[in-house]
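> Take this structure first; my questions come after.
The values are calculated or read from the model by the stated rules, or taken from the named source; none is laboratory data. Since this is a predicted model, take the numbers as computed values, not measurements. Every residue, glycine as well, gets a Cβ built from its backbone with ideal geometry; the counts of neighbours run over all protein chains shown. The accessibility values were calculated without ligands, DNA or RNA, using every heavy atom of the protein model including side chains. Shrake-Rupley method; radii C 1.70, N 1.55, O 1.52, S 1.80 Å.
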Amino acid sequence: MTQAADIRVVSSGGFAQAYKNLAPAYERASGDHLQSEWGPSMGTTKNAIPARLARGEQIDVVIMVGDALDKLMQEGRLVPGSKVVLANSPIACAVRHGAAKPDISTTEGLRKAFLLANKVAYSDSASGEYIEKQLMNKLQIAEQMQGKAARIPATPVGEIIAHGQADFGCQQRSELMPVEGIDIVGLLPAEVQMMTEFSAALVRDARQPVAGRSLLRFLASPASSGAIEATGLQPVAVPAPIPATH
């Protein structure tokens, strides 16, 4: 009988809820035990995945924004060829629960929502990078938002809104959905939306490479698509069609 493995996984916030939903099924099916931790895909905070790997933390599998994962792959920190693409994640915006919801279905509506807010929050990860460096310019509000738009390190944007520290904020929809005390207004309009790829890979010198690859196959399988989609992500794997009965 194969001995059960302890697999250490670090996931970024965008895929965290999907991973939490899928983890019990993987543990039941495999007999392995998942040691799960969380950290941003980028940035310089202590728990950021690049910082963890740079200081030599022993990790088997990372789940993170695809571009940031590719960079770690190029740096030689991940096993070549082990990357699996799991989902695409759209950006959504939210307000405090019960507050008036601005109409952000058009770019002009989104522009007004930003300008009318007293304090706007966005993340220090992929969605925040896009909002700060591209979206503000596309909406032609970069100057007006100086001083009232803030990048939030380490804490989910939804929590900042729920606690009243911002009255409007945007982040990956999958990161906003689990937060209590907020109402999601909607997705960014299609013409200014940015999809973020979430991927996973095996870490170089992983202690559990065989079990780690098994987990990667499970996460990327069509059977996992439903649980991924339920968290606000768009799964990449397509569930197999149910055979017709005659």
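> When the accessible area of segment 29-92 is split by element with a 1.4 Å probe, what percent falls to carbon and sulfur?
49 percent
> Under the rule of -39500 (n - 2.57) per DSSP H run of 4 or more residues, summed and divided by the residues of the chain, what mean residue ellipticity at 222 nm is obtained, to the nearest 500 deg cm²/dmol?
Computed mean residue ellipticity for the chain: -8500 deg cm²/dmol.
> A further question follows. Report for the chain the percent antiparallel among DSSP-assigned beta bridges with both residues inside it, nearest 5.
Given both bridge residues lie in the chain, the antiparallel proportion sits at roughly 60 percent.
> Tell me the relative contact order for the chain as a rounded percent, counting alpha carbon contacts under 8 Å between residues six or more apart.
For the chain, the relative contact order is 30 percent.
> Now a separate question. From the residues Val95, Pro222, Ala201, which one has its Cα farthest along the dipole of the chain in the positive direction, the dipole being from +1 and -1 charges on Cβ of Lys/Arg and Asp/Glu about the Cα centre?
Ala201
> Any idea of the accessible area per residue across the chain, 1.4 Å probe, to the nearest Å²?
49 Å²
> Considering only DSSP beta bridges whose two residues both sit in segment 1-136, what percent are antiparallel, to the nearest 5?
So the antiparallel bridges amount to about 0 percent of the total.
> Something else now. Share of segment 104-246's accessible area from carbon and sulfur, percent, 1.4 Å?
The nonpolar share, carbon plus sulfur, comes to 52 percent.
> Restricting to Cα pairs below 8 Å that are 6+ residues apart, what does the relative contact order work out to for segment 1-74? Please round to a whole percent.
39 percent
> Moving on. Give the longest segment of the chain that steers clear of GluC sites (Glu not before Pro) in DSSP loops with at most 15 neighbouring Cβ atoms within 10 Å, not counting the sites themselves.
With a cap of 15 other Cβ atoms within 10 Å, the longest stretch comes to 76-179.
> Shifting gears a bit: For segment 54-110, just the Cα atoms, rotate onto the principal axes and tell me the three extents in Å, largest first.
Principal extents (Cα only, largest first): 47, 22, 18 Å.
> Here is a further query. Simple spin-label model, 7 Å along Cα-to-Cβ: Lys138 to Thr45 in nm?
In this crude label model, Lys138 to Thr45 measures out at 2.5 nm.
> Right, another one. HN-Hα J couplings of segment 59-66 from phi, Karplus 6.51/-1.76/1.60, θ = phi - 60°, integer Hz, Gly and Pro as x?
Result, ordered by residue: 10, 9, 9, 10, 10, 6, 4, x Hz.
> Taking the full set of protein chains and a 1.4 angstrom probe, give the accessible area of Thr155 in square angstrom, rounded to the nearest 10.
Its accessible surface works out to 50 Å², give or take rounding.
> For segment 10-156, calculate the relative contact order in percent as a whole number, restricting contacts to Cα pairs under 8 Å that are 6 or more residues apart.
So the answer I get is 21 percent.
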